[in-house]
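Here the structure is laid out as structure tokens; the discussion comes afterwards.
The values are calculated or read from the model by the stated rules, or taken from the named source; none is laboratory data. These numbers come from a predicted model, not from an experiment. So basically every Cβ, Gly included, is an ideal-geometry build from the backbone, and we count neighbours across all protein chains shown.
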């Protein structure tokens, strides 16, 4: 699926664009969202510029209720501070706002995500002799624990969607029902994974991620091949609605503004 | 009481081989000029504390200044890996690097505890995370009132804390504006502290009674370092050089290329920060 088109055949989009649009639709106008950098930041700002104009976006640098005109390269770009309602110290950010339970959704990415939506951003391979040393946890371990719900987005491949993560940086559903509670958590954890192929949601009984919606033009075999476990499909499998012309226009404008801003140096 | 000194003298006087050094600035106000002076003075065996090592510690690690890194997120923000950090961890170049790895929430809490003179910090954190398994400095503590089990980490008590700020007045009081990160906590948690500033002014002109001001008597040294946070930024003075952050990916990928960059832009560059 390099390109897709809607029923009318006049709106082309890339898999990445569809992923961002699908992720943005998971956010509501009344959400208070703790935003990870990269793909989550794109989806959150697209939501704010389309169907969720009042959404509160919070970045771990302490910028509360920010409305960036261009996508930040880092979680602490000046753009975030200049367009925020207020900027608080990082200690306050994590202790009052996140740990205090005021954030409805955390939006994360990850190098590895497993069948129970546990996230690895620490190492590929053994911790003491890693094949690849990844950046680490950052804010994610507590975002995954303290936000009421967690959304995850990543490109779909068998290297990324794995049976078991090499290292649990941020807890999803552990190894099944009861694991979050046993770890002392009362929050819901991951409720949705958005990839460039499909949507996955935890099975209410087993907590294993199940494909609930295929993106337009994607078939089951593609998803099976690109998933590191024997992935199951929901009985009532949906088709993700394609991006609307408006969603695509807003997203492309956002990208164009961002590229122009970051090229300046 | 803050003393105005050159950056060269501040580093010579307050940063010693084997010290535990915290250089903070959360994406904003990262003290690059001070780090480059530490590299020029060839400090060795430092334990470096920083939430986001960023390019600044990638450079210190690649230059061979570090023995250990205490951190929570070691990437090039929005770009990818820190290649010098990875080379040290994965291949021991230029020297092996011991890691003590936390989450942001725990690092912030540890600075907070250090500033508050407490021995450790508590947080509702690390639930189900393997970080507990690989870092013996992540422990548990039971609340004596409710019985809730919480995570505990030792307070950060660096030998030296170094931050960059917008400006100081002639008494040495310092104003920090914008994303203030954990700068205040870092200075207050540290035994000795160095603050580099963009400029010295007659009147601090703090815009609000609630502005973040570090009193002169809580700081050891103030050194002038114009553009001392480049390629990060100083709110109200200059913007983040995002193009350099992107370029660093290529510069730092290769050892020889990194060393050439270090030679040209750090080692043979003159010390910044003239005495007042």
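Here is how the numbers come out for the structure above:
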{"quantity": "Condition check for residue A:129: away from chain B (no Cβ under 14 Å) and surrounded by fewer than 22 Cβ atoms within 10 Å (Cβ to Cβ)", "calculated": "no"}
{"quantity": "Selected residue (criterion: farthest from residue B:37 (Cα to Cα)) from residues of the stretch B:225-239 that are over 17 Å from the mean Cα position of the chain (by Cα) and in contact (Cβ under 8 Å) with a residue 24 or more places away in the chain", "calculated": "B:236"}
{"quantity": "Which listed residue, of B:64, B:25, B:80, is away from every other protein chain (no Cβ under 11 Å), touching a residue at least 12 places away in the same chain (Cβ under 8 Å) and on the phi > 0 side of the Ramachandran plot", "calculated": "B:64"}
{"quantity": "Check on residue B:33, within 27 Å of residue A:99 (Cα to Cα), more than 11 Å from chain A (Cβ to nearest Cβ) and either modelled with pLDDT of 95 or more or part of a helix (DSSP H, G or I) (or both)", "calculated": "no"}
{"quantity": "Filtered residue count, the stretch A:105-126, keeping only those that are assigned to a loop (DSSP other than H, G, I, E, B), surrounded by 24 or more Cβ atoms within 10 Å (Cβ to Cβ) and more than 11 Å from chain B (Cβ to nearest Cβ)", "calculated": "3"}
{"quantity": "Residue B:19 being closer than 23 Å to residue B:107 by Cα and more than 10 Å from chain A (Cβ to nearest Cβ)", "calculated": "yes"}
{"quantity": "Residue in the stretch A:21-32 that is within 18 Å of residue A:156 (Cβ to Cβ), surrounded by fewer than 24 Cβ atoms within 10 Å (Cβ to Cβ) and at pLDDT 95 or above present", "calculated": "yes"}
{"quantity": "Residue A:174 surrounded by 16 or more Cβ atoms within 10 Å (Cβ to Cβ), within 25 Å of residue A:103 (Cβ to Cβ) and within 14 Å of chain B (Cβ to nearest Cβ)", "calculated": "yes"}
{"quantity": "Set B:178, B:172: member being at positive phi, more than 9 Å from every other protein chain (Cβ to nearest Cβ) and touching a helix residue (DSSP H, G or I) at 6+ places or on another chain (Cβ under 6 Å)", "calculated": "B:172"}
{"quantity": "First in the stretch A:72-94 and more than 7 Å from chain B (Cβ to nearest Cβ), second anywhere and assigned to a helix (DSSP H, G or I), Cβ under 6 Å, 6 or more apart", "calculated": "A:72/A:79; A:72/A:80"}
